[in-house]
Each structure stands twice: as structure tokens, then as C-alpha cells.
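Heads up, the thing below is written out as C-alpha cells.
The values are calculated or read from the model by the stated rules, or taken from the named source; none is laboratory data. Every value quoted in this text rests on a predicted model; they were computed, and no experiment measured them. Methodologically, a virtual Cβ is constructed for each residue, glycine included, from the backbone with ideal geometry; neighbour enumeration extends over all protein chains shown. Accessible surface is based on the protein model in full, side chains and every heavy atom, while ligands, DNA and RNA are left aside. Shrake-Rupley method; radii C 1.70, N 1.55, O 1.52, S 1.80 Å.
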Amino acid sequence: MSAMAGLLTQTLANLLAAQQQIAALGSLPPAAQQIQAGCNALIQPMVTQTRALQQAVAAFVQTATPQLAQVQTMLSAQAPLPDIKAAMSALQQQAQQLQGTANATAGTLTAQTAQLMGYFNQLAGVEAGLQSQVTSLQGQLGDAQSELDAAQKRYYYLLALGPFGLVGLAVALGLYLKWKSDVSDLQGQIGGLNGQIGAFNGMTAACQQLGTDCQGLASSISGVRNAVNFLVSDLLEVSGDLDAGDAAVVIALMATAASTELAALGTDAA
């Protein structure tokens with residue numbers, strides 16, 4: 001792999017940055033915590049599998065490039081056909097092994113991405129639940145505040161009556177303190193929910209970025225898989241032309257096409 005990070009490597013870095021942002025969030029509601037844990041559990045395997053494919057491609061390109069160049073030289077020098085076929089056969093086997101790895105990785109990542117998107121789809125339900133709780137508590141707070149205001153007025157009225165209000169004063173004070181406590185408790189609950197909503201909004205934004213990065217990863221892996229498939233197709237074409245005894249110039253052209261595909265594969269997987 002080249003010293004300069006390619007598109008796939010940068011995509012992985014973006015993916016990990018978004019995942020770390022989600023993992024660092026606290027004060028989330030329980031339902032969002034489950035989504036957070038699910039996302040965290042999926043990302044690392046996705047990154048590990050992608051890096052393994054990158055390493056496999058880099059190793060293949062490193063060995064296949066001189067092997068294919070040797071085949072082209074043998075074609076130009078009109079080397080014995082069995083020798084060229086043997087060289088092609090070894091190269092083709094390596095390419096097909098890589099093809100199996102690329103296809104398996106792409107399939108696994110597709111399934112993992114679908115599972116991740118399933119978590120994201122649950123976010124709307126969590127948000128609706130939070131908003132419903134806040135609305136309910138705000139209604140209860142409004143009612144409790146009305147009762148508190150009424151109890152306060154009743155208490156002060158009885159207090160103003162002096163000795164004539166003493167009979168109901170203790171009851172009025174008890175009601176006032178009760179509603180004051182209820183109002184304070186409801187305000188605390190609403191404050192706590194607002195804190196959860198703030199953290200949840202941060203998670204939603206991070207999940208949107210993570211979704212974009214996952215789609216970018218899927219696109220990049222699809223590009224790597226396609227490049228491997230094109231290369232294998234070209235190598236099979238060269239082998240077929242050799243078996244059919246086609247003109248050397250035609251075989252040389254196909255070998256050149258395979259060389260171009262090999263270079264593209266190295267770039268796609270960087």
C-alpha cells in the first residue's frame with residue numbers, strides 16, 4: 001500500500017471518528033444507549049475486515065505486478081507456450097483466491113451495513129418517545145403549577161385572617177408545600193429529559209455522519225470487488241486465448257488490459 005492514504009483508508013478514518021463520537025456520548029436515554037452499543041459493536045469488525053482486504057490486495061498487487069510483467073515479456077519474446085501458460089495459471093489462481101476474499105468481505109459488509117441502518121431507523125421512535133414524555137410532563141407541570149398558585153393564594157388569605165384563619169391554615173400550608181414539591185420534582189424530570197434530548201440530538205447527528213461514511217465504505221469495497229472481478233476476467237481471457245492459439249498480438253493486448261486493471265485495483269484498495 002502506498003505511503004499516502006487512499007480514499008478507502010480515509011473512509012475508514014472517517015468511520016472511526018464518527019463511531020468514537022457516538023461512543024463518547026453520555027446522558028442518553030436507555031433506548032438510545034442500546035443503539036449506541038449496537039453501533040459500537042458493529043464498527044470495529046467492519047474496519048478490521050476492510051483492513052484485512054486492503055492487506056490482501058496490497059500483497060497480491062506486489063507479487064502479481066512482476067508476474068504479469070514477466071508474462072508480457074514472455075509473449076513479446078515468443079517464449080514456449082507451456083511456459084507462458086504455467087506463468088498465467090499461477091497468476092490466475094492467486095487472483096481467484098483474492099476474488100473469493102473480496103466477494104466474502106463485500107457480502108459481510110453489506111449485511112453489517114444493513115444491520116447498522118436498522119439501528120439508525122430506531123432513532124425516530126426514540127425521539128418520538130422523548131418528546132411524548134416531555135409533553136406529558138409539561139402538562140402535569142402546568143396542572144401542578146395551577147394547584148400551587150391556588151394553594152399559595154389560599155394560604156396567604158388564611159394567614160391574612162389572623163386568628164380567624166388558624167383552623168384551615170395548617171391544611172393550606174400542607175397543600176402548598178405538597179404542590180411546591182410536585183412542581184420542583186416535575187421541573188427536575190423535565191430538565192433531565194431535556195439533557196437526554198440534547199445528548200440524543202448529538203447522537204442523531206453523529207449517526208447521520210456514520211451512515212454517510214458506511215455508504216462510502218460500501219461503495220469503496222464494491223469498487224475493490226469489481227476491480228478484482230475485472231482483473232480475473234481479463235486473466236481468464238488471456239488464458240483462453242492461449243488455449244485457443246489466438247494471435248500473439250491479441251493476447252498481448254489482453255495482458256496489457258490486465259496490467260491496467262491490476263494498477264487500478266491497487267489504487268482502489270489504498
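Within region 229-270, if we keep just the residues that are under 32 Å from the mean Cα position of the chain (by Cα) and not in a helix (DSSP H, G or I), the residue that is surrounded by the fewest Cβ atoms within 10 Å (Cβ to Cβ) turns out to be 270. Checked across region 204-225, the condition of being more than 30 Å from residue 9 (Cα to Cα) and crowded, with 17+ Cβ neighbours inside 10 Å holds for no residue.
Residue 71 - would you say it is among the β-branched types (Val, Ile, Thr) and touching a residue at least 24 places away in the same chain (Cβ under 8 Å)?
yes
The set of residues from region 240-258 being touching an Asp or Glu at 6+ places or on another chain (Cβ under 9 Å), under 30 Å from residue 221 (Cβ atoms) and either aromatic (Phe, Trp, Tyr) or touching a residue at least 24 places away in the same chain (Cβ under 8 Å) (or both) comprises 255, 258.
Return the residues of region 33-58 that are open to solvent by less than 40 Å² (accessible area, probe 1.4 Å) and under 18 Å from residue 217 (Cβ atoms); say none if nothing qualifies. Reasoning before the result, please.
Here is the first cut: in region 33-58, the ones open to solvent by less than 40 Å² (accessible area, probe 1.4 Å) are 35-36, 38-39, 42-43, 46-47, 50, 53-54, 56-58.
Result: 38, 39, 42, 43, 46, 47, 50, 53, 54, 56, 57, 58.
The residue that is nearest to the chain's Cα centre (by Cα), counting only those in region 84-96 that are of a type outside the set (A, V, I, L, M, F, W, C) and surrounded by 12 or more Cβ atoms within 10 Å (Cβ to Cβ), is 96.
Show me the helices (runs of 4 or more DSSP H) entirely contained within region 7-122 in which 3 or more residues are over 30 Å from residue 252 (Cβ atoms) and in contact with an Asp or Glu (Cβ under 7 Å, 6 or more places away or on another chain). Explain how you work it out, then say what you get.
On the way: elements: 7-23, 30-76, 81-121.
Correct list: 7-23.
Within region 149-167, the set of residues being touching a residue at least 12 places away in the same chain (Cβ under 8 Å) and open to solvent by less than 40 Å² (accessible area, probe 1.4 Å) comprises 151, 158.
For first residues located in region 223-239 and more than 19 Å from residue 107 (Cα to Cα) and among the hydroxyl-bearing types (Ser, Thr, Tyr), partners that are open to solvent by 20 Å² or more (accessible area, probe 1.4 Å) and assigned to a helix (DSSP H, G or I) and lie 6+ apart or on another chain with Cβ distances below 9 Å form the pairs 233/261; 239/85; 239/89; 239/92. Taken together, the residues in region 14-32 that are within 15 Å of residue 197 (Cα to Cα) and surrounded by 15 or more Cβ atoms within 10 Å (Cβ to Cβ) amount to 6.
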